[in-house]
Each structure stands twice: as structure tokens, then as C-alpha cells.
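Have a look at the structure below before the remarks.
The values are calculated or read from the model by the stated rules, or taken from the named source; none is laboratory data. In this text, all values refer to a predicted model and were calculated from it rather than measured experimentally. We place every Cβ from the backbone using ideal geometry, glycine too, and count neighbours over all the protein chains shown.
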Amino acid sequence: MWEQAFLRFRPGARETEADKKNDRTSLHRKLDRNLVLLVREKLGDQDVWMLPQVEWQPGETLRGTAERILATLSENNMEAKFLGNAPCGHYKFKFPKAIQTESDLGVKVLFFKALLLTGDFVQAGKKSRHVWASKEELGDYLQPKYLAQVRRFLLDSDGLSCL
């Protein structure tokens, strides 16, 4: 009985409508790859693509900060499992001398690994300000220096990636 059912089984297509349209705002694409959430933010006078980030608040754990940015960006529409309490990578940069202060020379951005369990990234009026990119597509969005740091802690498609 099960053998007949097995012989009749035909797997679904791996290429989706989003793949055909190259809709990078959709999670329903590149089903055989890990996808990384990138958001477009205003930094100074530039629009820059980056992994989601937010300023740490006193009294908050680092993981709590990561959970807060996900909840804020997705309007509580996504549920993710954060893997551990330690960051998986970091990126640091100095502010331009014009805006540096004695106590504020630059920032260090910490990244956490997370697996998306349910939901999708949808914000009214801001849909074009995010993409789900594969590791190979990151170069289309991220600035070279930032990309070099981010690639160090993103694993290939058979591993886990940071969100």
C-alpha cells in the first residue's frame, strides 16, 4: 500500500512565483537557501542596506535588544528562535571626526543568530525597505567593508545564518 503511494508521489517545484519574478521582498523564494533579512535605513544623508539593528538600552540584555528589533520591525508579525545569548559576530566603525565626541568615537554592532519560525516581514508603506537575500546576493546590497565583516559569520546554505 505505502509502496504505491510512494510511486505516485511527485515533489513540488522548488522554483516559486517569487523566484520567477525575482521578488526579493518575499520569503517564498530560494527554498533551498538560507535567507538573511536586510533593511534599508537612513544613515546621515544616505540610504544604506544593512542587517537590522537598534541601539542597546541600559538594563537590557544584548539578546533582549535583538529580540526587540525583530518585534519592532515586524510589528510583532514574526516569531523567531534566537540561538544562544552570545552574539555570532560584530561590526565596528568610527564616526566621522565632525560628529565624534570625547566619549563617542564610534559604535560596535553585534549580531545574533535566529531562525524564523512563523510570520513574514510586512510593514504598511515600507515593503520596499526590506529584502530577504541569500548569501550570494548580499553584494547587491551591502557596502564592501560591511559585507566583508558580515560574510565572516554567515554560514552557507547548509548552516544557520544570522537574522
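For this structure, a couple of remarks:
- The numbered conditions (1) at pLDDT 90 or above; (2) more than 21 Å from D120 (Cα to Cα) are all true for Q46 except (1).
- Subset of region 69-120 [among the basic types (K, R) and either touching a Ser or Thr at 6+ places or on another chain (Cβ under 6 Å) or surrounded by 15 or more Cβ atoms within 10 Å (Cβ to Cβ) (or both)]: K113
- No other residue among E102, E75, E60 is charged (D, E, K, R), farther than 24 Å from G119 by Cβ and either part of a loop (DSSP other than H, G, I, E, B) or touching a Phe, Trp or Tyr at 6+ places or on another chain (Cβ under 6 Å) (or both) apart from E102.
- Qualifying residue in region 22-37 (condition: assigned to a strand (DSSP E or B) and under 17 Å from the mean Cα position of the chain (by Cα)): yes
- Filter result for L155 (at pLDDT 90 or above and not charged (D, E, K, R)): no
- Residue within region 38-56 that is outside any strand (DSSP E or B), in contact (Cβ under 8 Å) with a residue 60 or more places away in the chain and out of contact with any Leu (no Cβ under 8 Å at 6 or more places or on another chain) present: no
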